[in-house]
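Enquirer: Here it is, the structure, as structure tokens.
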Amino acid sequence: RGLAAGIVEQTAARVAALAGGATDELHAYLGPAIGPQAFEVGADVREAFLDTASQSEHDDTRQAFAAIDGAPGKYLADLYALARLRLARAGVAHVSGGTACTVTEPARFYSYRRERVTGRMAAAIWLAD
């Protein structure tokens, strides 16, 4: 829900301001997250993204949600695609990563959703001279 609420855009603007540059100078790496074949959401989440999508983003936002057969109002969400859309909206042109799934790759990542046990991961933001 933070993604739908604009956390990416706000963070990109703040980091760019701290660095004294523009968001088009930023580089973003999308680290391990729940992937598009495992992230089940309800219609409320889909609607939150569609409601905040610009007209030019609407089709791509809609495509980031796949209806689950036999489960009305349930969708598989592509969190990476949604993050890329939000980064593009923020003006961040350099985006990489976004291929690892913490749920479907148990040999590489822990997943609370999968195991019901917590583990640790790290995230970083840094400013380079």
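The values are calculated or read from the model by the stated rules, or taken from the named source; none is laboratory data. Just so you know, these numbers come straight off a predicted model, no measurement behind them. Cβ atoms come from the backbone with ideal geometry, glycine included; neighbour counts cover every protein chain shown.
Enquirer: In the range 32-41, which residues are of a type outside the set (Asp, Glu) and surrounded by 13 or more Cβ atoms within 10 Å (Cβ to Cβ)?
Expert: Matches in the range 32-41: Pro32, Ala33, Ile34, Gly35, Pro36, Ala38, Phe39, Val41.
Enquirer: So how many residues does the range 68-104 have that are more than 16 Å from Ala48 (Cα to Cα) and either of a type in the set (A, V, I, L, M) or exposed (fewer than 13 other Cβ atoms within 10 Å of the Cβ) (or both)?
Expert: 16
Enquirer: Another one. Determine whether the range 74-87 contains at least one residue that is out of contact with any Asp or Glu (no Cβ under 8 Å at 6 or more places or on another chain), over 21 Å from Val8 (Cα atoms) and not hydroxyl-bearing (Ser, Thr, Tyr).
Expert: The answer is no; no qualifying residue exists.
Enquirer: Follow-up question, since we're still on this one. What residue, of Tyr80, Tyr110, is modelled with pLDDT of 95 or more and hydroxyl-bearing (Ser, Thr, Tyr)?
Expert: Tyr80
Enquirer: Now for a separate question. Would you be able to tell me the number of residues in the range 96-129 that are at positive phi and free of Cβ contacts under 8 Å to residues at least 12 places away in the same chain?
Expert: Of the residues in the range 96-129, 1 are at positive phi and free of Cβ contacts under 8 Å to residues at least 12 places away in the same chain.
Enquirer: Right, something else. For the range 56-67, name all the residues that are of a type in the set (D, E, K, R) and either surrounded by 12 or more Cβ atoms within 10 Å (Cβ to Cβ) or at positive phi (or both).
Expert: If the condition is that a residue be of a type in the set (D, E, K, R) and either surrounded by 12 or more Cβ atoms within 10 Å (Cβ to Cβ) or at positive phi (or both), then Glu57, Asp60, Arg62 are the ones that fit.
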